[in-house]
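Have a look at the structure below before the remarks.
The values are calculated or read from the model by the stated rules, or taken from the named source; none is laboratory data. All of these numbers come straight from a predicted model, not from anything done at the bench. Cβ placement follows ideal geometry from the backbone for every residue including glycine, while neighbour counts extend to all protein chains displayed. To get the accessible areas, we keep the full protein, side chains included, count just its heavy atoms, and leave off ligands, DNA and RNA. Shrake-Rupley method; radii C 1.70, N 1.55, O 1.52, S 1.80 Å.
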Amino acid sequence: MSMTYNFSSGPAMMPSEVMKEANQEFLDFSGSGMSVMELNHRSILFNKIVDEAKADLKELLEIPDNYKVLFLQGGASLQFAAIPMNLMKNRKAGFIMTGHWAKRAYEEAQKYGEVNELASSADKNYTYIPNCSNLLISDDLDYIHICENNTIYGTRFMQLPNTLGKDIVSDMSSCILSEPIDVARYGLIFAGAQKNMGPAGVTIVIIREDLIRDDIMPCTPSVMKYKNQFDNNSRFNTPPCYGIYMCGKVFKWLKRIGGLSAMKEINKKKAELIYNYLDESKLFHGTVDREFRSRTNITFTTGKNELDMEFVEASKKVGFVGLKGHRFVGGLRASLYNAIPYENVEKLVKYMKGYEVEYMRRTLKK
Ligand SMILES: *Cc1c(COP(=O)(O)O)cnc(C)c1O
């Protein structure tokens with residue numbers, strides 16, 4: 001097998017232990033003579049997979065009993081519609097605009113009700129998180145939507161907005177399970193699996209039970225109605241069975257390595273390693289306000305587009321994958337999700353250092 005260091009923004013690297021286990025069980029799951037892919041979604045074996053995944057996720061995130069976990073499909077993007085359909089009682093929601101994904105959610109919600117932009121960092125191309133301590137919040141807002149970690153821009157909320165008691169809906173697609181959180185501070189948390197949890201195709205929704213309601217927008221497709229999915233233990237229709245199984249394995253892996261506090265320490269170390277280098281480098285520098293730096297998506301640049309692209313091409317040749325920045329911002333990005341070992345980040349930083357030395361030598365000669 002060739003050696004690859006995958007820093008892609010998503011779908012992302014999976015823990016290698018998990019991949020090996022899945023490989024071993026691929027053709028014969030638990031002595032059934034069948035692959036998980038071939039199991040009926042209402043069979044006893046699959047029930048066990050869902051129930052264990054749910055229980056392990058609850059344990060990892062310390063999810064209170066009045067919050068429910070749903071395994072859905074359609075990605076975070078489908079939730080941009082499902083959330084307003086299910087949660088907009090007054091047909092009014094607030095949004096903190098911190099980048100592309102917040103904007104996409106805002107535009108989608110606009111189809112179902114009134115959307116208020118409560119704060120924005122668009123003025124500086126989303127390189128910071130706006131101050132959310134004193135937002136103008138009208139009394140009839142149903143909820144306030146945030147994108148907790150901005151995958152494309154590389155910023156994250158360091159503290160939750162002061163919402164004056166309004167429910168926070170948080171898009172945690174690129175930061176879920178990267179550290180412990182206080183679930184009780186949210187009304188709803190959602191995340192696509194493909195960054196920090198498992199293969200693409202599973203979307204996790206963690207929702208406070210009083211928000212699972214019957215009196216929702218009548219146009220809501222039945223599969224998108226949280227109540228239908230909750231009443232059927234995420235099996236109103238066929239769920240993404242194999243993906244849920246893989247997520248379950250990732251949850252068990254997280255438990256084995258010591259849970260989210262341990263994960264947070266590793267993630268902090270990984271991010272510090274690369275940020276420390278970026279702060280001293282003469283070639284590369286970080287692109288966002290230090291205060292709001294993401295721990296999962298590290299955005300950086302040489303300041304010159306051609307040079308960034310040269311770096312991407314050169315790094316590819318020695319096994320680094322996914323270092324090109326998002327097409328909206330250009331530059332470079334290394335995504336350090338849970339599954340990426342510290343050693344891989346060390347390898348990347350070492351490579352960048354070497355590249356810098358080489359570059360300086362080249363430019364001095366000219
Ligand atoms: C990747 C990502 C999305 C989009 O997820 P899909 O599963 O492709 O719909 C939404 N929000 C954030 C924060 C993301 O990182």
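Some observations on this one:
- Within region 280-298, tally of residues that are touching a helix residue (DSSP H, G or I) at 6+ places or on another chain (Cβ under 8 Å), under 22 Å from R156 (Cα atoms), open to solvent by less than 80 Å² (accessible area, probe 1.4 Å) and not polar (S, T, N, Q): 5
- Subset of region 136-152 that is open to solvent by less than 20 Å² (accessible area, probe 1.4 Å) and in a loop (DSSP other than H, G, I, E, B) - its residue that is farthest from the ligand (Cβ to nearest atom): L141
- In this structure, F46 does not satisfy being of a type in the set (F, W, Y), at pLDDT 95 or above and within 16 Å of the ligand (Cβ to nearest atom).
- Of all residues assigned to region 229-241, none qualifies as being under 19 Å from the mean Cα position of the chain (by Cα), part of a loop (DSSP other than H, G, I, E, B), touching a residue at least 24 places away in the same chain (Cβ under 8 Å) and buried (at least 24 other Cβ atoms within 10 Å of the Cβ).
- Residues (more than 16 Å from the ligand (Cβ to nearest atom) and open to solvent by 30 Å² or more (accessible area, probe 1.4 Å)) located in region 201-212: R208, E209, D210
- Only one of K68, K58 that is more than 16 Å from the ligand (Cβ to nearest atom) and in contact (Cβ under 8 Å) with a residue 12 or more places away in the chain: K68
- Considering residues of region 1-28 that are aromatic (F, W, Y) and in contact (Cβ under 8 Å) with a residue 60 or more places away in the chain only, the residue nearest to the ligand (Cβ to nearest atom): F7
- At least 2 residues being open to solvent by 70 Å² or more (accessible area, probe 1.4 Å) is the threshold, and among the helices (runs of 4 or more DSSP H) wholly inside region 5-111 those reaching it are 16-25, 44-61, 100-109.
- The set of residues in region 119-133 being assigned to a strand (DSSP E or B) and in contact (Cβ under 8 Å) with a residue 40 or more places away in the chain consists of A119 alone.
For every residue, the table says whether it meets (1) buried (at least 21 other Cβ atoms within 10 Å of the Cβ); (2) charged (D, E, K, R); (3) assigned to a strand (DSSP E or B); (4) touching a helix residue (DSSP H, G or I) at 6+ places or on another chain (Cβ under 9 Å).
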site: F300; (1), (2), (3), (4): yes, no, yes, yes
site: A314; (1), (2), (3), (4): no, no, no, yes
site: I340; (1), (2), (3), (4): yes, no, no, yes
site: K347; (1), (2), (3), (4): no, yes, no, no
site: Y351; (1), (2), (3), (4): no, no, no, yes
site: T363; (1), (2), (3), (4): no, no, no, no
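- Qualifying residue in region 113-125 (condition: crowded, with 24+ Cβ neighbours inside 10 Å and in contact with a helix residue (DSSP H, G or I) (Cβ under 9 Å, 6 or more places away or on another chain)): no
- Tally of residues being within 13 Å of the ligand (Cβ to nearest atom) and either within 26 Å of P239 (Cα to Cα) or of a type in the set (S, T, Y) (or both) across region 71-114: 18
- Single match in K166, K227, K195 (criterion: among the basic types (K, R) and either at pLDDT below 95 or within 16 Å of the ligand (Cβ to nearest atom) (or both)): K195
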